[in-house]
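Remarks on the structure that follows.
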Amino acid sequence: MTPRTGAVIPWYRRVGSRLLDIYAAMVLLYLFLPIFVIILYSFNRPEGKFNFVWKAFSLDAWRDPFKYQPLFDALKLSLKVAALSTSVATVFGALIALALCRYTFRGSNFINLLLVLPLTTPEVVLGSSLLSLFLNVGARTGFWTIVIAHIMFSVSYVALTVRARIRGFDWTLEEAAMDLGANPLRVVTKVTLPLIAPGIAAAAMLSFALSLDDFIITLFNAGSRVTYPLYVYGARRAAFLPRSTCSRPQSSRAACCCSAPSFCGSSAACARCRETGRNSPIAGSVGCVCPGTVRRFLNRSSGRS
Amino acid sequence: MAGAAQGGARQSRLAPYLLVAPGVLWLIVFYVIPTLTLAKTSLAVGDAPWWESYRQALTGYGDHFLRSAEYALAATVIAVLLGYPLAYVMAFRAGKYKNLLLGLVILPFFTTFLVRTFAWKTILNDNGFAINFLQSVHLLSEGGRLLNTTLAVVGGLTYNFLPFMILPIYVSLEKIDPRLVEAAQDLYNPPSSAFRKVILPLSLPGVFAGSLLTFIPALGDFINAELLGSPNQQMIGTVIQNQFLDVRDYPLAAALSFVLMVVITGGVLLYARVLGTEDLA
């Protein structure tokens, strides 16, 4: 967008571009404001029940961040749910994506629709409809219902992310490998998997992050189990906990801990995929959900492109 | 999978079905069937006509539906106004800092949704610095509040779904061929018409996708309304959640969910019809 050298740029255009940059910087600041506040207030020594007003600098919350057992348990449960649901959803979703990209078959339209629908359904509805199913069949809500729900909403994200990444791959490479004498197992391990691995890794990362952060669907289906987001939510109602167990700075610290690994993971995925932007898991999923999703699922089979 | 890789397997008619089977079955059992169960639950039992809970839902909670739609729409519009310029700067003016900026946009969202919203509660708190600052510059009257206002709820919704607006717009801007932009700048004067006639139309699919990704979750959200608003700002999500988990009036709750779903699906289809007439894919 920079005008070529030699072009005379009138002053008002330069001022205009400057203003645009400043505006963008301010939006970025808006995105970071709560994060600064979380970090700042994790060093606060709150007076009374709420950690809303700055009182004094303190390292209390950081000295032993996992001292408070329920918080630790909630984190452990969330990680367990996320690991389990991610492994299952990644396999299911990747298989769907593979089938959609490599084969033209009857019913692929229906599958595209089935993948997009959960994304256009509000979380409240997803959560409540699953709960009504569990109530109807008399299932008790708990660990397994959380996992089931998380797999359900992750499958779509994984399938769409992987499909966006592997669409347009040159599948004749597989045939070439076979012509060169590789047996089917070798073709899969040496050609197919390495080709689709970055897409699958990005999708798995996204699914893990979504599961770790999900609150609404989990709220409906958790029964008496408390995941990390449910714990944070509960801490708001039980803001009357004794101060020693005061949850807010603790949660801040836990929030920092939790976000670090998932960030490292996804930036690693980015670096691996070499291209720019589009490849970070979130951008990837958004990128594939976006252009014309609705149109596409309405009247066209995606098949092999 | 090993079977699928075999020579000539591409013609195999069973292979794709075997590949999609586990995931599709899962979605049918845990998405399609629950939705049907929800529909069944919403139909009243006993002597009342079948639409009884729908009548209750629409007469009793029409306000909530309307308010949710207003808030979600406002949040979507504000998100476009905030997100588009940032995406534009990222795509065209950031140069080698492109990826850094992209990382910065995503970074805040690696903290939990709830923790972020709590942080806003801290910022907007009655004794917080935002209030003090606004009062000191006389933008806010002495007894004025930020927390528990419509502004806070819409602001929270905008904040939490902003990346879903920025990223698709960025992706669609980034895909534009730079030569096209250059040609437009040569052909059009003033440069603003180059933007209006070339860049903006090409980025509309991104705006379209971003709006859906912001509007849909914002419409069903209840955390922002609950944490940052008062009962006056209650959205339909709160009502559904209350009816399901606390009041346990399942038919009414199911009817509310179903109406919300129909409203959204209808809205999405209409939106696609109106804006998506060209080939967006």
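The values are calculated or read from the model by the stated rules, or taken from the named source; none is laboratory data. The shown structure was predicted, so the numbers you read here are calculated from the model rather than taken from an experiment. FYI the Cβ positions are ideal-geometry reconstructions off the backbone, even for glycines, and counts take in every protein chain you see.
Side notes on the structure shown:
- Meets criteria (of a type in the set (Val, Ile, Thr) and closer than 30 Å to A:Leu71 by Cα) for B:Thr111: yes
- Here is the figure for the range B:149-197: residues that are of a type in the set (S, T, N, Q), surrounded by fewer than 17 Cβ atoms within 10 Å (Cβ to Cβ) and modelled with pLDDT of 85 or more total 0.
- Test: A:Leu79 is farther than 23 Å from B:Pro34 by Cα, within 14 Å of another protein chain (Cβ to nearest Cβ), aliphatic (A, V, I, L, M) and in a helix (DSSP H, G or I): yes
- Where helices (runs of 4 or more DSSP H) fall entirely within the range B:136-209, those with at least 2 residues that are among the aromatic types (Phe, Trp, Tyr) and assigned by TED's automatic domain parsing to the domain that holds B:Thr111 are at B:150-174.
- Single residue of B:Ala225, B:Ala272 found to be assigned to a helix (DSSP H, G or I) and more than 7 Å from every other protein chain (Cβ to nearest Cβ): B:Ala225
- Answer from A:Thr145, A:Thr104, A:Thr141 - the residue that is within 13 Å of chain B (Cβ to nearest Cβ), within 30 Å of B:Ala255 (Cα to Cα) and not in a helix (DSSP H, G or I): A:Thr141
- Just one of the listed residues (A:Ala159, A:Ala202) is under 30 Å from A:Val125 (Cα atoms), surrounded by 19 or more Cβ atoms within 10 Å (Cβ to Cβ) and touching a Ser or Thr at 6+ places or on another chain (Cβ under 8 Å), and it is A:Ala202.
- Of the criteria (1) crowded, with 22+ Cβ neighbours inside 10 Å; (2) touching a residue at least 60 places away in the same chain (Cβ under 8 Å); (3) in contact with a Phe, Trp or Tyr (Cβ under 9 Å, 6 or more places away or on another chain), which one B:Phe118 fails: (3)
- Number of the condition not met by A:Ser129 [criteria: (1) in contact with a Leu (Cβ under 6 Å, 6 or more places away or on another chain); (2) at pLDDT below 90; (3) farther than 23 Å from A:Leu100 by Cα]: (2)
- Qualifying residue in the range B:174-188 (condition: facing another protein chain (nearest Cβ under 10 Å), within 30 Å of A:Ile216 (Cα to Cα) and touching a helix residue (DSSP H, G or I) at 6+ places or on another chain (Cβ under 6 Å)): no
- Matching residues in the range B:223-254 - criterion: being of a type in the set (D, E, K, R) and surrounded by fewer than 18 Cβ atoms within 10 Å (Cβ to Cβ): B:Asp246, B:Arg248, B:Asp249
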